[in-house]
1. Does Lys161 count as open to solvent by 10 Å² or more (accessible area, probe 1.4 Å), in contact with a helix residue (DSSP H, G or I) (Cβ under 9 Å, 6 or more places away or on another chain) and among the basic types (Lys, Arg)?
2. Based on what the data block shows, is Gln120 over 14 Å from the mean Cα position of the chain (by Cα), open to solvent by less than 70 Å² (accessible area, probe 1.4 Å) and closer than 14 Å to Val80 by Cα?
3. Is segment 243-256 home to any residue that is open to solvent by 10 Å² or more (accessible area, probe 1.4 Å) and in contact with an Asp or Glu (Cβ under 8 Å, 6 or more places away or on another chain)?
4. Please enumerate the residues belonging to segment 175-214 that are charged (D, E, K, R) and touching a Phe, Trp or Tyr at 6+ places or on another chain (Cβ under 7 Å).
5. Determine, yes or no, whether Ile170 is open to solvent by 10 Å² or more (accessible area, probe 1.4 Å) and in contact (Cβ under 8 Å) with a residue 12 or more places away in the chain.
6. Of the numbered conditions (1) out of contact with any Asp or Glu (no Cβ under 8 Å at 6 or more places or on another chain); (2) under 22 Å from Val104 (Cβ atoms), Thr223 satisfies every one except a single condition; which is it?
7. Taking the stated definitions as given, is Ser43 of a type in the set (Ser, Thr, Tyr), within 22 Å of Ile148 (Cα to Cα) and either open to solvent by less than 60 Å² (accessible area, probe 1.4 Å) or assigned to a loop (DSSP other than H, G, I, E, B) (or both)?
8. Out of everything in segment 195-206 that is more than 15 Å from Asp145 (Cα to Cα) and open to solvent by less than 10 Å² (accessible area, probe 1.4 Å), what residue ends up being modelled with the lowest pLDDT?
Amino acid sequence: MAAGFKTVEPLEYYRRFLKENCRPDGRELGEFRTTTVNIGSISTADGSALVKLGNTTVICGIKAEFAAPPTDAPDKGYVVPNVDLPPLCSSRFRSGPPGEEAQVASQFIADVIENSQIIQKEDLCISPGKLSWVLYCDIICLDYDGNILDACTFALLAALKNVQLPEVTINEETALAEVNLNKKSYLNIRTHPVATSFAVFDDTLLIVDPTGEEEHLATGTLTVVMDEEGKLCCLHKPGGSGLTGAKLQDCMSRAVTRHKEVKKLMDEVIKSMKPK
């Protein structure tokens with residue numbers, strides 16, 4: 001009976017749960033799904049991480065290559081993010097060029113990198129005006145069940161913390177790059193941005209970490225990105241119902257709490273990987 005009611009009146013079905021301050025999957029309104037991270041899962045990449053947020057599964061692989069620095073910024077390197085939502089992860093996506101949602105996610109990740117200054121692009125310069133690193137950050141969704149932005153941001157951060165770049169020197173005589181693969185160093189990660197997403201139901205009720213079904217039924221969504229100092233790095237609100245200042249403040253304070261949880265989880269995983 002419940003399954004039939006959910007199929008015919010999905011919104012009303014959800015409202016009955018929300019009235020009792022819980023959700024159909026048993027979570028409270030402010031409760032996140034179980035979050036796991038596996039760092040260094042792709043051996044062929046320079047840095048990688050697999051993140052699971054409930055059923056939503058995202059993998060990020062980072063490949064480092066050489067390039068000439070931009071002419072307008074000869075002392076900087078590049079960070080090039082790309083989010084891929086293939087048909088593999090959900091029947092709602094089609095093969096071919098990136099759809100709107102994938103493009104929006106890619107731009108969101110680019111904004112997070114730029115606004116949070118997670119990496120200073122000057123750190124990626126090898127020789128000003130001659131050579132710099134390009135970090136290609138490919139983020140692929142393997143299973144889509146809502147809240148893709150949180151998972152992508154976490155996967156990117158964990159993968160960047162896993163990247164080790166070899167020492168590179170420019171030979172004065174030949175002007176060629178010489179790579180010392182025996183001497184590698186980690187990237188200087190300057191901030192740790194963490195995204196927290198909310199769905200708005202009936203223009204008033206806020207729930208965190210929405211599933212794909214909840215996103216579809218919601219009247220609006222909001223993603224807040226904070227760093228460890230509690231600074232706002234990015235706010236993403238693609239249309240939908242408006243939010244009062246008090247509600248927005250509530251979202252930001254929840255995002256600060258979520259940041260501590262994610263940072264603690266990531267630090268524990270990195271610590272467990274280090275040789276004893």
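The values are calculated or read from the model by the stated rules, or taken from the named source; none is laboratory data. Keep in mind the model is a prediction, meaning the values are calculated, not measured. Every residue, glycine among them, receives a Cβ derived from its backbone with ideal geometry; neighbour counts consider all protein chains shown. We work out accessible area using only protein heavy atoms, side chains counted, and drop any ligands, DNA or RNA first. Shrake-Rupley method; radii C 1.70, N 1.55, O 1.52, S 1.80 Å.
1. Taking the combined requirement at face value, the residue satisfies it.
2. yes
3. no
4. Asp209
5. yes
6. Failing condition for Thr223: (1).
7. It is false that Ser43 is of a type in the set (Ser, Thr, Tyr), within 22 Å of Ile148 (Cα to Cα) and either open to solvent by less than 60 Å² (accessible area, probe 1.4 Å) or assigned to a loop (DSSP other than H, G, I, E, B) (or both).
8. Checked segment 195-206; the qualifying residue modelled with the lowest pLDDT is Phe201.
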